[in-house]
1. Output the pairs from A:K70/B:K127; A:K112/B:K103; B:K71/B:K127 with a Cα-Cα distance over 31 Å in this structure; if there are none, say none.
2. How far is helix B:103-115 tilted off the main Cα axis of chain B, in degrees rounded to 10, range 0 to 90?
3. Any idea how far the Cα center of region B:3-70 sits from the one of region A:60-118, in Å?
4. Using a 10 Å cut-off on Cβ to Cβ distances, tally the other chain neighbours for every residue of A:108-119 and report the average as a whole number.
5. Under the rule of -39500 (n - 2.57) per DSSP H run of 4 or more residues, summed and divided by the residues of chain B, what mean residue ellipticity at 222 nm is obtained, to the nearest 500 deg cm²/dmol?
6. Can you show me the helix-derived [θ] at 222 nm for chain A, built from DSSP H runs with n ≥ 4 at -39,500 (n - 2.57) apiece and divided by the number of residues, rounded to the nearest 500.
7. Sort B:E209, B:E169 so that the residue with the fewest other Cβ atoms within 10 Å of its own Cβ comes first and the one with the most comes last.
8. Where in chain A are the DSSP H helices whose alpha-carbon span along the long axis reaches 24 Å or more and whose Kyte-Doolittle mean is at least 1.0?
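A short reminder: the numbers here are calculations on the coordinates, not readings from a lab. Just so we're clear, the structure is a prediction, and the values are computed from it rather than from any experiment. No Cβ is skipped: glycine too gets one built from the backbone with ideal geometry, and neighbour counts run over all protein chains shown.
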Amino acid sequence: MSYHQVAGTRTGGKRPLRRFADAAEPWFYSAPVLVLIIAVMLVPLLLGLSYAFRDIQLLNPFSGGFVGLKHLKALSQDAAFYRALKNTLWWTGASVFLQFFFGLILALLLDKPFAGRGIAQALVFLPWAVPTFLAGLNWAWLFNPVIGPLPHWMVSLGLLSAPNNILADPQLAMWGPIIANVWWGIPFFAITLLAALQAIPRDLYEAAAIDGANPLQRFISITLPFLAPTIAITILLRTVWIANFADLIVVMTNGGPADRTQIVASYIFTQAFRRLDFGYASAIALVLLVLLLAYSMLIVVIRQRLIEKD
Amino acid sequence: MTGKLIGTIAHRGAILVYIAFALFPLFWLLKVSVTPNDLLYSEGVRLWPSRSTFDHYHFVIENSAFPTFFKNSLIVASSTAFAVTVFSSLAGYALSRFRFRGKYVIIALMLITQMFPLVMLVAPIFKMLSPLGLTNSLTGLVIVYTAFNVPFATFLMQSFFDGIPKDLEEAAMIDGASRFTAFRQIILPLTLPGIAATLGFVFTAAWSELLFALMLISGNASATFPVGLLTFVSKFSVDFGQMMAAGVMALIPACLFFLLIQRYLVQGLTAGAVKG
């Protein structure tokens, strides 16, 4: 029976006013959220899209006119933008992969009951509660050879030849924010994957164990298929989110040394915040938005293909 | 038998490695914050200084705008957490219990907000809030943060409501209660863990936000913690002890909140997953 039939039989005998109240009820509940999202996120989004084609400089009262594709043309010749794009790929790819990999292992470790699991879980998830700016500062301090132990330890391990600050080294600087990001982001993957793991019916494992499947076989034939939807959606959301995530970089390196850690998101912020050039910043944001949408579409299409194959 | 024992040891060992990795940076923060200045460089890589002191904490509390930052952040984070929880409970309830035209439009709208770069909103939001006098104001920050956090919180609350049987409020409604009364008096109390999870999640998010706070706030009077600490860092860039003491204090509320709610977070996401 379809929804309309049900609604029809239920509300058929009521007066029109009553019927209107019934139909409007869910909207009363969702109205505040809708108003907020539209006013504070969607309207600014559209405005931001229009800024990409206008000359908007905060301190210049004569700015505001339409300039057409000027910003986008300038952007296509902006070498710093291309570098930032390359850095964004590297930053996002490495961060998402490492967060996912270590997050999955952690979720698997926490899935089976053991004494002290509650406290262990609270402790390993703690980094997520650390404000990101503080996580950035904290790791910047750890990498600082004057007060941090990490450079000295890396020398002992033979990873560095001298206890220098890797954040000042153009070749290595990106690893600083990536490590901080992995530290901060593992709990997110672990929490979502753990929730998905705990939703897998236990009897499936028992049946497989009776059939003589070893742990690896059980992981591949039960755990992975059950986790796959969660993994797909989490990785998709996380990739988009990390590509946009500028806090750690702004705090730890500010894009330096020599723009080696400048990602597109931090470049947008630099243009808006330091140069107050909102028009150009919005043009970069527009390009980033288009790229991320293309990426999301690609993932959704691939996922659809995989589902159809099964 | 021995195989199982080795497995157990490996499992506990791996957990310990994770705990050490998670806690070490925080431990180091604490360590430097209690190291007296004269030992800071000579005992730079020691695990605990031979002498410890709370001088840095005294200095930060007495001689900086730190208490103001703390108060501002507390106001912003609690107001945001409260507003988001109220709004997202209502919307989450609607998504969980009603079948109505437009439901998927609402879900799509909320998903879209999760997809685009929030940095993109920096410029337009500044331009919109500035004529309303909401830049450089805590109210402006609360409005912006509430909107940013509401979509995820709504999905979270919806998954908690999905885990509660519908018969409960239907029985109350047959007895003559209005739906809203049933929602308030029967369903909400059962969702307390979910409400706690949402409150804690949003509180930490609002406590930590940096980019919009930097953009919308100038001057110490209404600076939140992230902004204040960053200016503090650039101003006192040599005094690591004081910076880290300020950092430790910034950490405390967020961590306390998180320790209280993290259990419910996993529980809530599981409830949602079971329902599909």
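1. Working: A:K70/B:K127 21 Å; A:K112/B:K103 38 Å; B:K71/B:K127 27 Å.
Correct reply: A:K112/B:K103.
2. 20
3. So the two Cα centres are separated by 29 Å.
4. Values: counts 2, 7, 3, 0, 1, 0, 4, 1, 2, 1, 2, 2.
Partner Cβ neighbours, averaged per residue: 2.
5. Working: 13 runs with 205 residues, N = 276.
Theoretical 222 nm ellipticity from helices: -24500 deg cm²/dmol.
6. Details: 15 runs with 212 residues, N = 310.
So the calculated ellipticity at 222 nm is -22000 deg cm²/dmol.
7. Numbers: B:E209 28, B:E169 21.
Going from sparsest to densest Cβ surroundings: B:E169, B:E209.
8. Numbers: long enough: A:16-36 (30 Å, 0.42); A:79-111 (47 Å, 1.12); A:175-198 (34 Å, 1.33); A:224-243 (27 Å, 1.74); A:278-309 (46 Å, 1.64).
Within chain A the helices that satisfy the rule are A:79-111, A:175-198, A:224-243, A:278-309.
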